[in-house]
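For reference, the structure is listed below as structure tokens.
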Amino acid sequence: MDMTRDIDPRAARELTGAWHGPAIGLLDLDAFFASVEQLDHPDWRGKPVIVGGDADERGVVSTASYEARRYGVHSAMPSAQARRLCPDAIWTHGHFDRYRELSSQVMAFISDETPYLEQVSIDEAFFDITPGRFATEGPVEVARRIQRRVADLGITCSIGLGTSKSVAKIASERDKPRGLTVVWPGTERAFLAPLPVRAMSGIGTSAESALAKMQIRTLGQLASAPETRLRAVFGANAETMRLRALGVETSRVREAAEPREVKSVSNERTFARDLTDRADVDAALALLGESVGTRLRKKGLIGRTVTVKLKFSYGQGRTIQRKLPHPTDDENVFVPAARELLDQVWERGMHVRLLGIGMSEFDHEGGIQEDLFCPVDERGAMSSERRGLSVAIDDIRQRFGDGAVGFGRAARFEKPVARRRDR
């Protein structure tokens, strides 16, 4: 491993000749939203800035500046908790058009170096700068040039550089802000081995706890564990996770124009006031399902699995799924199925803070199947008599805007909704 923050440019050019094999980078914009706010408000520079929802309405922190992070504030933290930790912070709801503008400029800088750019979020992207493929210079020099161009915008980024996406991702987190962490070919295992298992994407709190019970706490221990033991935690992905821990993952960076396969379409909302009445929960589920159905039809997708997500308090909730007999894009079919799922967990007096619904396992074949009780359309998808109405509403909204037509259930949630997230 080589931290190159202070490396001499001439020495960097000499080192780049030693690179063999793929060169994958992961660019992560440092405290992006907060950094843009400090850029646009010079008097905020050097002060704690928090971008997020209101503390009094169960908002959540989106991004905190590094000055605010010193107080323990971090992304996804409840705004009320962040306010207690850092009462003097400057708060803003954010200016997402401005964030998208700067993000587009950063992605253009990467595109100038390689057509293999895979943007994973507004502030993060993988890129392939393998020597001799599209880059005429060594990977380190290319990464440093990207960093300089980003800095010229008035913001900063950290870059991880390695031979795989997983190594690059972990490396990008090691030296923030303005860091460039290079994991040279052949040093991947030594770099990864001492790190905690949570350093690798795909390992959350529950997986970390399960691994700890097996005395597996580092990536080195994970890499050495037999696949048969890891199946209890990762299932069919056990070998993939072990190879990632070894640093020999082989997933590629897609070309920028190459479409990303959609895995799921979902919608969820956090409510400023808990939903305690089952009728309100059912109405909210129908409203969210209507949005999911519209987006499925727009994308030409039909899904087989419906998922319902509930949160009762911070960190507590349930996620339940059901596979439908036939794929569908019709909320008049999958929302009733979601309500049946809800019956499995609903109890009188329950307080619902967050509710979500999603569809996944998409059918790209569209073969026709017959079912005595579930009518299917020409693609073999489950359908209902009301689907035609849904399609008509889609068309009206497309032509005249989302507010042109709607159901009465939407009115009850105009004020209580604190946050909405489409995926």
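The values are calculated or read from the model by the stated rules, or taken from the named source; none is laboratory data. Only a predicted model underlies this, so the values are computations on that prediction, with no experimental measurement involved. Methodologically, a virtual Cβ is constructed for each residue, glycine included, from the backbone with ideal geometry; neighbour enumeration extends over all protein chains shown. The protein model used for the area step is the full one, side chains on, heavy atoms only, and it has no ligands, DNA or RNA in it. Shrake-Rupley method; radii C 1.70, N 1.55, O 1.52, S 1.80 Å.
Which count do you get for residues in region 157-177 that are of a type in the set (D, E, K, R) and buried (at least 24 other Cβ atoms within 10 Å of the Cβ)?
Within region 157-177, the subset of a type in the set (D, E, K, R) is 165, 169, 173-176.
Retained after the next criterion (residues that are buried (at least 24 other Cβ atoms within 10 Å of the Cβ)): 165.
Matching residues across region 157-177 total 1.
Given the conditions (1) touching a residue at least 60 places away in the same chain (Cβ under 8 Å); (2) of a type in the set (S, T, Y); (3) buried (at least 19 other Cβ atoms within 10 Å of the Cβ), report the number of the one that T276 does not fulfil.
T276 satisfies every listed condition except (3).
When you check D56 against the structure, is it part of a loop (DSSP other than H, G, I, E, B) and out of contact with any strand residue (DSSP E or B) (no Cβ under 8 Å at 6 or more places or on another chain), yes or no? Steps first, answer last, please.
On the way: part of a loop (DSSP other than H, G, I, E, B): no; out of contact with any strand residue (DSSP E or B) (no Cβ under 8 Å at 6 or more places or on another chain): yes.
No: the conditions fail for D56.
For T270, indicate whether it is modelled with pLDDT under 90, farther than 30 Å from Y116 by Cα and among the polar types (S, T, N, Q).
Details: modelled with pLDDT under 90: yes; farther than 30 Å from Y116 by Cα: yes; among the polar types (S, T, N, Q): yes.
Yes; evaluated as a whole, the condition is true for this residue.
Between a residue in region 235-253 that is open to solvent by less than 60 Å² (accessible area, probe 1.4 Å) and any residue that is of a type in the set (S, T, Y) and outside any helix (DSSP H, G or I), which pairs come within a Cβ distance under 6 Å, given they are 6 or more apart or on different chains?
Sorted first by the residue in region 235-253, then by its partner, the pairs are E249/S164; V253/Y116.
Kindly indicate the residue of region 59-72 that is more than 21 Å from K311 (Cβ to Cβ) and either part of a strand (DSSP E or B) or of a type in the set (K, R) (or both) and also most open to solvent (accessible area, probe 1.4 Å) among those meeting that condition.
First, the residues of region 59-72 that are more than 21 Å from K311 (Cβ to Cβ): 63-72.
Those left that are additionally either part of a strand (DSSP E or B) or of a type in the set (K, R) (or both): 63-64, 69-70.
Details: T63: 15, A64: 1, R69: 87, R70: 186 Å².
Only one residue fits best here, namely R70.
Test each condition in (1) in a loop (DSSP other than H, G, I, E, B); (2) among the aliphatic types (A, V, I, L, M); (3) closer than 30 Å to L354 by Cα; (4) open to solvent by less than 10 Å² (accessible area, probe 1.4 Å) for I216 and report the one that comes out false.
(3)
For region 224-234, state whether one or more residues are more than 30 Å from Y66 (Cα to Cα) and outside any helix (DSSP H, G or I).
For region 224-234, residues more than 30 Å from Y66 (Cα to Cα) and outside any helix (DSSP H, G or I): present.
Mind counting the residues in region 178-197 that are under 25 Å from the mean Cα position of the chain (by Cα) and open to solvent by 30 Å² or more (accessible area, probe 1.4 Å)?
2
Pick out the one residue from R174, R178, R145 that is of a type in the set (K, R) and in contact with a Cys (Cβ under 9 Å, 6 or more places away or on another chain).
Working: R174 fails: in contact with a Cys (Cβ under 9 Å, 6 or more places away or on another chain); R145 fails: in contact with a Cys (Cβ under 9 Å, 6 or more places away or on another chain).
On inspection, the qualifying residue turns out to be R178.
Just to be sure, is S209 open to solvent by less than 70 Å² (accessible area, probe 1.4 Å), more than 17 Å from L29 (Cβ to Cβ), among the small types (G, A, S) and part of a loop (DSSP other than H, G, I, E, B)? Give the derivation first.
Working: open to solvent by less than 70 Å² (accessible area, probe 1.4 Å): yes; more than 17 Å from L29 (Cβ to Cβ): yes; among the small types (G, A, S): yes; part of a loop (DSSP other than H, G, I, E, B): no.
So S209 does not fit the description; no.
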